[in-house]
Structures are given as structure tokens and as C-alpha cells.
Amino acid sequence: MPVSMGNGRPMKNKIKVFRAMHDMTQEDLARAIGVTRQTILAIEKGKYVPSLDLAFRISRHFQVNIEEVFVYDETVLTVTAD
Amino acid sequence: MKKNSFYLICGCIALALLVIFWYSVEVHIRFLAEISFIVAIGGIYLLRKKVTDFVEDERTARITEKAALRTFQVFWVIFCAFSIGAVMQILYVPTFPREHLEIHAPELLGPRMMGYFQLALLCLMIFLYVGFRIYYARKYGEWETDEE
């Protein structure tokens, strides 16, 4: 059974991985894209699903496509709906 | 302007408002308290725009939005319920059953009772708003901690 990012949400992300690859702290990333550190933390933990605008800003910051950072897992959605 | 200076000024404005409120009670000029309240809120709004180290993003905006919406939903239900009661009083609606019923003249709410009701409603809304804010802040990971 697929595991969702908390709360049964189908949105997963790899921000933590990309941060590690770029050797960035949550504070660094937050400052770079103009949000609070708590927002980055909440997104990483799956507590908050960012808007499209913020999702694009995060992926553009890491110079990758949005799908590489954010994954919409439809199987989780199916399991949750059942 | 720094965030702390802003909070300090807000505190001073609140104190000034309290003084003006009691002064207007003393001299029986209610417009003084009302106008000063409007001016104070306008002043705080303008000051807030000048604060440079406030980081407000979409998550914090969403927390505020959700808390405000929920508070408003509770507010209109309570306010409408109270208003229906007040309208029924105006319309002489008798209680059930109608037999052996003495119909009294409507006891309309006096200004004093209206004031108490508004005060109670205001306090309830403040408590509800704070409660909803805490709830949604928690839901959207405001106090989450991390290994960093």
C-alpha cells in the first residue's frame, strides 16, 4: 500500500533531497524563495500543500521541472477514496 | 520599521484607546471613543505596511483566511438566531399552544441589553478567532520541529 505524506494526501515532494543535494538549509531555501522556514518545513512534512506558484518557484530554484520535486501519487488518492 | 517597534506602538495605541474610552464614558461623548477607534485601526493598518521584517507567505495567509472564514460562519449563525428572536418579538409571535394565552406587548431589547449582547458576541468572536487560528496553525505545521 502506498504511503501518503501525512493526512492521506497524494502530494509527495522531494524538497529535502534537493536541499541536501544543493547543501541548503530550510532557512536558506525559505529566504531564497521568499517564504518562512516554517512553510518549507510544513511542505516537507506534508502538512501543507503549496500553491502552483510556490511549487514552481521551488522547482525553478533547484533548476528542475516541477514533476521532479512534486509527485502527485494517484494510487494514494484511490486508496484514500476507498 | 522593525516588528518589535510595531508591537510596541500597537501596545501604546491600545493603552491610549483605553484611556479615551474611559474618558468618553466620563464625559458621555460616545463618538469620541468610536472615532478614536476607527482612527487607531487606520493608523495600525498604515503602520503595518511600513514594517519591513514581517515575512508573510501563502501559508500564513491561508491560516488567517481559514480562521476568519470559520469565525464568520459561527458569527452569522449566532447573529441570525438572535435576530430571528428579536424579529419574533416585534411580530408578536405567541408561544404554542395558543389557547389560554395572554399576549403581551413586545418587549423590545433596550440599548443596554443590546450593548451586553454585542459585547458578549465580540468576546466570543475574539476567542473563536484565536482558537481557530491556533487550530489551523497547528494543522498547517506552525509549531512543527525538525532535526535542523
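The values are calculated or read from the model by the stated rules, or taken from the named source; none is laboratory data. Please read these numbers as outputs of a predicted model, since none were measured by experiment. Cβ coordinates were reconstructed from backbone atoms using ideal geometry, including for glycine residues, and neighbour counts include every protein chain displayed. With ligands, DNA and RNA removed, areas are computed over all heavy atoms of the protein, side chains included. Shrake-Rupley method; radii C 1.70, N 1.55, O 1.52, S 1.80 Å.
Quick look at the values:
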| read-out | value |
| --- | --- |
| Choice from B:R48, B:R138, B:R30 with maximal GNM fluctuation in chain B (Cα, 10 Å cutoff) | B:R30 |
| Positive dipole terminus of chain B, leading residue within B:Y23, B:T60, B:Y116 (C-beta point charges) | B:Y23 |
| GNM flexibility winner over chain B from B:T52, B:T71, B:T60 (Cα, springs under 10 Å) | B:T52 |
| Overall Cα dimensions of the range A:22-70 - principal axes, largest extent first, Å | 23, 23, 16 |
| Nearest-ten-degree value, helix B:30-49 long axis tilted from longest Cα axis of chain B | 30 degrees |
| Over the range B:1-68, equivalent-ellipsoid semi-axes from the Cα gyration tensor in Å | 29, 15, 9 |
| Where labels lie 7 Å past Cα in the beta-carbon direction, separation of B:F82 and B:Y135 in nm | 2.0 nm |
| Within 10 Å of each Cβ in A:46-54, the average number of Cβ atoms from other chains | 3 |
| Share of carbon and sulfur in the accessible heavy-atom surface of chain B [1.4 Å probe, %] | 70 percent |
| In nm, spacing of pseudo-spin labels at B:L122 and B:V19 (7 Å Cα→C-beta vector) | 2.0 nm |
| More than 26 Å apart - percent of Cα-Cα pairs taken over chain B | 52 percent |
| Interface size A-B, as summed buried accessible area [1.4 Å probe, Å², nearest 100] | 1500 Å² |
| Distance violations [Cα-Cα > 21 Å] among A:K16/B:K2; A:K47/B:K50; A:K14/A:K45 | A:K16/B:K2; A:K47/B:K50 |
| Of B:E56, B:E34, B:E65, the one that fluctuates the most in a GNM where chain B has Cα springs shorter than 10 Å | B:E34 |
